[in-house]
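Trainee: Sharing a structure, written as structure tokens. Questions coming.
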Number of protein chains: 2
Amino acid sequence: MNEMTATPAMPAQSMAADCPLCVAPAEAPLWDDGFCRVIAVDDADHPGFCRVILNRHVREMSDLAEAEQMRLMRVVFAVEKVLRQCTDADKINLASFGNMVAHVHWHVIPRWRDDRRFPEAIWAAALRPTAPARKALTRERLRAAIINELGDDLREPRP
Amino acid sequence: MNEMTATPAMPAQSMAADCPLCVAPAEAPLWDDGFCRVIAVDDADHPGFCRVILNRHVREMSDLAEAEQMRLMRVVFAVEKVLRQCTDADKINLASFGNMVAHVHWHVIPRWRDDRRFPEAIWAAALRPTAPARKALTRERLRAAIINELGDDLREPRP
């Protein structure tokens, strides 16, 4: 075996050229430790909505080793905790589907009793035409609260 | 302090009288290790659909200690693995909402490209009036596969 056939540093499944979660993201993450990133989702009905995205291209949670599953869930639950601290949400919803983009990512969604779809999932038809205006949550506040829970991601500060 | 005021063995939040997931379940669980139980959901569109229900009355994942979070997720991911083994599903969906019943429980849902709502969430409006008939998955097969992943729950065999 020569150097040309040596095992590459990253597995072949690491990135997928046609996956929108593998290409360099347009949005700056709130937090990114190299293993996964947290992004803010722009959703006026659910301010604070975040996604936790595995940086590697992996289809299902059960494709990850147990230590990786737990590392990712630790971030998901930290973001849940942050949304409970930073919003007056009545409930937090967690979901990982991957039906449209089969690259592991988690939705962490604050819900209010009077939001447009409560108590249905946010993917269900709206039950109310409008919802009360919610206080916006700044990226800075979210990022500071995530760092408070998980520590700094040791990357350059975001713009 | 006399015996009447002694701390009960289970914390006060352990069970909630008005919670449908706290009352003795009508359906026999597929698996139950005392900490959580797995039940089969009767859904012809998604045969194999399971719920993993924490036995204690807890509102959010972030109300659990980290070891308990990981213990519960280990069961959720084992059920995901079982559904991948026992069905020809194209994707597995995971979700924890608790908007209707705020007692931690996880939906583990097999999805097919031609099911009635794919690629939308199963809570969205149907996109197709019908879906191909799916092979049913027996409780016995599911339970055997769960035990194969997680070990026996050391309770009496289910009827």
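The values are calculated or read from the model by the stated rules, or taken from the named source; none is laboratory data. Here the structure is a predicted model, which is why all the values come from computation and not from measurement. Counting neighbours? That spans all protein chains shown, and the Cβs are built from the backbone with ideal geometry, glycine included. The protein model used for the area step is the full one, side chains on, heavy atoms only, and it has no ligands, DNA or RNA in it. Shrake-Rupley method; radii C 1.70, N 1.55, O 1.52, S 1.80 Å.
Trainee: Would you work out if segment B:1-153 is rounded, prolate or oblate? Take a ≥ b ≥ c from the square roots of the eigenvalues of the alpha-carbon gyration tensor; rounded if a/c is under 1.5, else prolate when a/b is larger than b/c, oblate otherwise. If you can, show how the numbers build up before the last one.
Mentor: Values: a/c = 2.38, a/b = 1.86, b/c = 1.28.
Note, shape of segment B:1-153 comes out prolate.
Trainee: In whole Hz and in residue order, list the ³J(HN,Hα) couplings for segment A:132-137 that follow from phi through the Karplus curve 6.51 cos²θ - 1.76 cosθ + 1.60, θ = phi - 60°; x for Gly and Pro.
Mentor: Listing the rounded values in order: x, 4, 9, 5, 5, 10 Hz.
Trainee: Find the centroid of the Cα atoms in segment A:34-63 and in segment B:50-70, then give the distance between the two in whole Å.
Mentor: 21 Å
Trainee: Sort shortest first the distances from residue B:42 to its counterpart in every other copy, using label points 7 Å along the Cα-to-beta-carbon line, and give them in nm.
Mentor: Relative to the other copies, residue B:42 has label-point distances of 4.6 nm.
Trainee: Run through the other copies and list how far each one's label point is from that of residue B:132, in nm with one decimal, shortest first; the point sits 7 Å from Cα along Cα-Cβ.
Mentor: Copy-to-copy label distances at residue B:132, shortest first: 4.9 nm.
Trainee: What accessible area per residue comes out for chain B, rounded to a whole number of Å², with a 1.4 Å probe? Walk me through the intermediate numbers first.
Mentor: Numbers: 7980 Å² over 159 residues.
Value returned for chain B: 50 Å² of accessible area per residue.
Trainee: On to the next question. Of A:75, A:41, A:101, which is the most mobile in a GNM of chain A whose springs link Cα atoms less than 10 angstrom apart?
Mentor: Comparing A:75, A:41, A:101 in the GNM, the peak value goes to A:101.
Trainee: Kindly write out, for segment B:139-146 in residue order, the coupling ³J(HN,Hα) from the Karplus curve 6.51 cos²θ - 1.76 cosθ + 1.60 (θ = phi - 60°), rounded to whole Hz, with x marking Gly and Pro.
Mentor: 4, 5, 5, 4, 4, 4, 5, 5
Trainee: Using only atoms on other chains, find how many Cβ atoms lie within 10 Å of each Cβ of peptide B:120-126 and report the average. All intermediate terms of the calculation are to be shown ahead of the outcome.
Mentor: Values: counts 5, 8, 5, 8, 6, 3, 0.
Average neighbour count from other chains, rounded to a whole number: 5.
Trainee: Might you list the cysteines of chain A that have no disulfide-compatible partner by the rule of another cysteine's Cβ under 4.7 Å?
Mentor: Singleton cysteines: A:36, A:50, A:86.
Trainee: Still on this model: Give me, ordered by chain and number, the residues 5 or more places off residue B:31 or on other chains with an amide H under 5 Å from its own placed amide H.
Mentor: Distant-sequence amide H within range of residue B:31: B:38.
Trainee: Can I ask one more? Pop out the carbon and sulfur fraction of the accessible area of chain B as a percent, whole number, probe 1.4 Å. Walk me through the numbers before you get to the answer.
Mentor: Details: 4330 of 7980 Å².
Its accessible area is 54 percent carbon and sulfur atoms.
Trainee: Return the chain A residue and its Cβ-to-axis distance, rounded to the nearest Å, for the rotation relating A to B.
Mentor: With distances in whole Å, chain A gives A:95, 2.
Trainee: OK, next. Near residue A:81, which lysines are there with a Cα under 19 Å away, not counting those fewer than 8 places off in the same chain?
Mentor: A:91, A:135
Trainee: Hey, for residue A:70 with labels 7 Å out along Cα-Cβ, what do the inter-copy distances come to in nm, ordered shortest first?
Mentor: Shortest to longest, the spacings are 0.2 nm.
Trainee: Across segment A:15-25, in residue order, what do the Karplus-derived ³J(HN,Hα) couplings come to in whole Hz, using 6.51 cos²θ - 1.76 cosθ + 1.60 with θ = phi - 60° and x for Gly and Pro?
Mentor: With coefficients 6.51, -1.76 and 1.60, one gets 9, 10, 4, 9, 9, x, 8, 9, 6, 3, x Hz.
Trainee: Leaving out ligands, DNA and RNA, calculate the buried accessible area for the pair A and B with a 1.4 Å probe, summed over both sides, in Å² to the nearest 100. Display every interim value, and only then the final one.
Mentor: Numbers: alone 9590 and 9580 Å², together 15970 Å².
Buried area (both sides, nearest 100 Å²): 3200 Å².
Trainee: Show that you can apply the helix-only estimate: for chain A, add -39,500 (n - 2.57) for every DSSP H stretch of four or more residues, divide by all residues, and state [θ] at 222 nm to the nearest 500. Please list the in-between numbers first.
Mentor: On the way: 2 runs with 33 residues, N = 159.
Value at 222 nm, helices only: -7000 deg cm²/dmol.
Trainee: A follow-up question, please. On average, how many beta carbons from a partner chain sit within 10 Å of the beta carbon of a residue in A:82-91? It would help to have the intermediate numbers written out before the result.
Mentor: Values: counts 1, 2, 4, 1, 0, 0, 0, 0, 2, 7.
Whole-number average of other-chain Cβ neighbours for A:82-91 is 2.
Trainee: On a 1.4 Å probe surface of the protein chains, which of A:87, A:130 comes out largest in accessible area, and what is the full order?
Mentor: Numbers: A:87 25, A:130 100 Å².
Accessible-area ranking of A:87, A:130, largest first: A:130, A:87.
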